[in-house]
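What follows is a short report on a single structure.
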Amino acid sequence: MKIVITGGSGFIGQKLTDFFLERGHELVVLTRKKVHKTEERLTYVNWMTEGSSPENEIKHADAIINLAGVSINKGRWDANHQKQIYESRMKATDELIRMINHFEKKPSVLINASAIGVYPASLHEVYTEGSIEAADDFLGRTVLDWEKKAGQVERMGIRPVFMRFGVVLGKEGGALPLMVLPYKLFAGGTVGSGEQWVSWVHVQDVIRAIDFALQNQRLRGPVNVTAPTPVRMKEFGKRIGTVLHRPHWLPVPSFVMKIVLGKKSALVLEGQYVVPAVLQKEEFEFTYPSLDDALRDLL
C-alpha cells in the first residue's frame, strides 16, 4: 500500500512511519524542509513551500494520514499562537484536498488527526462518538472546523476518518514527560482540583488504532482514540508516583497553573470522560487498556 503522511516528523508521525515500514508499505512523507531524501520504500517530498508541486511527484496514493499542524502543547496559547494552531491545520488540509484533486488515482481513505477537546469539559458526562454537544471554546471550534474541512473528501468518494486523540502517553513526547518530571524531582502532587478526568491512551495503541482504521472500511467519521479506562487527575498522579516509587504530596493549585500556562492550563485543569465506543464495537483490542500497565511500560 502506498501511504502519504503529513506531520511525519512529529511524535506520532515518526512512530507511525517506522510501524508502516516494518509492515512493508511504501511511504511518502510530506515535509517543508528543503531536502529530498529517499530510502528504501520511504520518500520525502517537499510541500507547502514556494514552487513545490508534490502531486507531480506522488501521482497517486492508496491512503493519506494527515497529522500536520502546530503543536497545541507548545507556547502559551496567546492570540498569535492560537492563530498558528488553527491556520496550520486549515491550510495543510486545504493543500491536501488540492493535491488529491490532481492525483491520477484517488486514495480510498483519509485519516485525519483530531482531538477529544471537541467535547465540553465535564466531571459527570460520558462522551462517545455519538455525543452531539461540542465545546464552545478555542479547541472545540478548531476541532470541528478541522473535521468539517477534512470531510470534504467524501464528495470525491474517499472515506474520511477523524481520529480524536486523547492524552497520548509516550516516552519521547506527548504529555507524559512533563507530567512525570515533578515526581522525578520528588515534588509530584495533585494538579488543580484533581477531580478532572484524564482520558489517556498509550502511543502504541494510537499507532495500532490508525492502522486499524486504515484497514477497517466500516470506520468512518469520528473515532475516539482513548483507552477504555479514564481516571481522575488525582488518581493519575498517584499511579505515576507508585510506579516511580516517588511521593504524591505537593499539590499544584489551579491559579498557579493559570499563571504558568495561561489559557493552555485548560488542558490539565479541565477534562472529559471519553469512551472509545467505535473501536470497542469493532472489537479493537488495546495493548494497554490499564493505566498501570501503560505506565510500567513507559516508565
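Listing for the model above:
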item	result
The chain - percent relative contact order, Cα under 8 Å, separation 6 or more	18 percent
Helix-only CD estimate at 222 nm, as mean residue ellipticity for the chain, using -39500 (n - 2.57) per DSSP H run (n ≥ 4)	-11000 deg cm²/dmol
Cα point-scatterer Debye curve for the stretch 145-299, base-10 log of I(q)/I(0) at q = 0.14, 0.17 Å⁻¹	-0.74, -0.99
Simple label model, 7 Å out from Cα along Cβ direction - Lys106 to Arg23, nm	2.4 nm
Dipole magnitude of the chain about its Cα centre (Cβ charges: Lys, Arg +1; Asp, Glu -1), debye to nearest 20	600 debye
Relative pair counts by distance (%), Cα atoms of the chain, 10 Å bins	6, 27, 35, 22, 9, 1
5 angstrom amide H check on Trp200, placed H, neighbours 5+ away	Val167, Ala227, Val231
Listed residues Gln204, Gln272, Gln84, most fluctuating in the chain (Gaussian network, C-alpha, under 10 Å)	Gln84
Crossing angle, helix 79-102 versus the chain [Cα axis fit, 0-90 degrees, rounded to tens]	30 degrees
Charge dipole (debye, nearest 20) of the stretch 158-268; +1 at Cβ of Lys and Arg, -1 at Cβ of Asp and Glu	140 debye
On Cα atoms only, tilt of 11-22 relative to the major axis of the chain in degrees	50 degrees
Share antiparallel - DSSP beta bridges, the stretch 2-298, percent rounded to 5	10 percent
Sum of side-chain charges, Lys106 neighbourhood, beta-carbon under 15 Å (Lys, Arg +1; Asp, Glu -1)	+2
Rounded to whole Hz, the Karplus (6.51, -1.76, 1.60) HN-Hα couplings of the stretch 190-203, x for glycine and proline	5, 9, x, 6, x, 8, 5, 7, 10, 8, 9, 7, 6, 4
Positive-end extreme of charge dipole, the stretch 2-298 - chosen from Phe103, Ala150, Val29 (charges on Cβ)	Val29
Of Leu298, Thr17, Pro177, farthest towards positive along the dipole that unit charges on Lys, Arg, Asp, Glu beta carbons give the stretch 2-298	Pro177
Residue with peak Gaussian network fluctuation, the chain [Cα springs, cutoff 10 Å], from Val198, Val274, Val70	Val70
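Only the coordinates and a few stated rules stand behind these numbers; no lab work does. Remember, it's a predicted structure, so these values are computed and weren't measured experimentally. Quick reminder, even Gly has a Cβ in these numbers, built from the backbone with ideal geometry, and neighbours come from all protein chains shown.
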